1. Please sort by residue number the trypsin sites (Lys or Arg not before Pro) in the stretch 326-426 whose DSSP state is loop and whose Cβ has at most 11 other Cβ atoms within 10 Å.
2. At what distance in nm do the modelled label points of Arg171 and Gln187 sit from each other, each positioned 7 Å from its Cα along Cα→Cβ?
3. FRET efficiency for Ser330 and Ser512, Cβ-Cβ distance as r, R0 = 41 Å, nearest 0.05?
4. Report the semi-axes of the equivalent ellipsoid for the stretch 459-560 in whole Å, largest first, where each axis is √(5λ) for an eigenvalue λ of the Cα gyration tensor.
5. Please get the size of the charge dipole for the chain, origin at its Cα centre, with Cβ charges of +1 on Lys and Arg and -1 on Asp and Glu, quoted in debye to the nearest 20.
6. If you count only protein heavy atoms and use a 1.4 Å probe, how large is the accessible surface of Glu224, to the nearest 10 Å²?
7. Can you tell me the alpha carbon radius of gyration of the chain divided by the globular rule-of-thumb value 2.2 N^0.38 Å?
8. Just to verify a number: what accessible area does Tyr228 come out at with the full protein assembly present, 1.4 Å probe, Å² rounded to tens?
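The values are calculated or read from the model by the stated rules, or taken from the named source; none is laboratory data. Computed from a predicted model, the values in this text were never measured in an experiment. Here the Cβ is made from the backbone with ideal geometry for all residues, glycine too, and neighbour counts use every protein chain on show. We work out accessible area using only protein heavy atoms, side chains counted, and drop any ligands, DNA or RNA first. Shrake-Rupley method; radii C 1.70, N 1.55, O 1.52, S 1.80 Å.
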Amino acid sequence: MEQQPAISDYAFLSDSRSGALVGRDGSIDWWCPRRFDGASVFGRLLDPRAGHFRVAPVDLGGPGYRMERAYQPDTLVLRTVHHTPQGSVAVTDTLAAEIGARAHEMGMNSPAVLIRVVEGLTGRVRMALEFMPRPEYGLLTPYLHEQPDGGVVARAGPAVLALRAGDLPLRAGRDRVTHEFEVSVGQVIGMDVAFGETYGDPPARLDPVATLAETTRAWEAYRETHGYTGRYPELVRHSATVLAGLTYARSGAVAAALTTSLPERIGGDRNYDYRYSWLRDFSMTMRALWVAACPTEASRLFAWVARSIGRIGEDPVPVLFGLEGERDLSEHHCTHLRGYADSRPVRIGNDAWRQRQLDVPGEVISSVYRLRDYLGATFDLELREMVLGLVEQVAATWHLPDRGMWETRDIERHYLSSKVLCWVTMDRGVRLADRLGEGADPARWARVRDEIRDVVLREGWNERIGAYTGAFGSVELDASALFLPVVRFLPANDPRMRATIELVERELGTDSGLVRRWSSDPAGFMLCSFWLVECLAMAGEQRRAEELFERVVGNANDVGLFSEQIDLVTGAQLGNTPQALSHIGLINAAWRLTEPGSF
């Protein structure tokens, strides 16, 4: 059975409409060209039979072979250099930007074209190409048709893919294209795979070499519009570029990750679809965009939230939406896919949209408060109605149990983090009251806010273990308690909060600096690790916070990407990748180390 590449083997390509993953072996193993949460045409990531597009030396991995790769500075354009005994060759990969797009225009009309440019550097290297598209998550095997220009067109179901490889005369096999060719020093071969729709626009025709140069300029221009003056600037700039790559440009929504169903534990069943945008992540995302990007990204993301939520009624606001504001994200299983390293099920959709998540309004209202001056002294009607609706909903429901930050699929509980975010909703609502018109009731809201605070301080503290725990009445320590100082519910040097931070670090922390979510969690959770950095910095322990930050960021792969979690035994990355929250956590922690009293 084919060995599965490690999650950390993959680099990320993006056109701010869709994304692709390319492995160290030169294989594109994931691409959903219609948009991030669309169906894949290359899905080897989840099953060897689900499609890929590989370009690499014939003797890849043989004696004398070595490889090095890196992104072009401030871009998601990846250059991989293969060194063989016969010579060296570079393969540069990108998803094409639309011609002329600059800064925030990038991704608005992406042509859905995958570019691969092969360049001979020394000697003469024999290369192998294998093109095996499998649309609809591997359900379809397309018909392949040779073209007069030497290319091949693949058609199946709703998808059309046109492969061109310069002057190489490609031949269509029954279910794939395979071809070997030699590259000499100075020779350049431009390849592209263009996506089109069977009953829509045909695949675009682009010059791969010229488009590569244009896409590189588009990314560079994007980064030139953003400034960051804090600590660890290279790490922050790269994480901001990753966030830009995970942003669906047409709406401004940030996908939680590029992938679905990469497991939290190999062979386990906690494999979820993260290709949507979570409101729970909203305030953290806004902080990161504000620090490392510019107000345009933050305000566009806020506008997307307002439109997605719509008029607020009695039903809870969903924790996540589709990238264009879709609410119903009902989950189903792809039983034909074996899953990453036999980790099943493979899920499409995410049923967490059905859960009651009481922390969601707090994330949104906190972001409104952060942007209050940018949004104006008087909010427009839709914004006022959204804020009033969220505050009133929390005032009426904060006492109910919910599923909590980690979206448990068992019973509802009174989770500490959910109650604290209810307090945030009421507190920020009071502070925003003068911008909300006649519907605001700050005196009543303040009474509810104070009641929530009293309940949290009384019920959230567990005297037996000497810490705030994950849920009322529980003795289970939970790293979500680290969020309390971040949202300014309690200062980090409050005696009980300080005790909680120390206990989390001692009981849930590891020698590598990683923090588990709870005691039985088999992996370190990147976001929680960065929360601990923030807590230490806010508590005045700057040196320890810096040392922890530097240990945690050492878990990135060779091109600076983080998944969701890290295996504590092997150090392997786990979970969906690249994970927005991990990169968001890095940005916010770096800024906290720059300005401990910020936010």
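1. Answer in residue order: Arg409.
2. 1.8 nm
3. Details: r = 38 Å, r/R0 = 0.93.
It comes out at approximately 0.60.
4. Details: eigenvalues 104, 51, 21 Å².
Equivalent ellipsoid semi-axes, largest first: 23, 16, 10 Å.
5. Numbers: 66 positive and 80 negative charges, 19 e Å.
Dipole of the chain, to the nearest 20 debye: 100 debye.
6. 150 Å²
7. 0.98
8. Result for Tyr228: roughly 30 Å² accessible.
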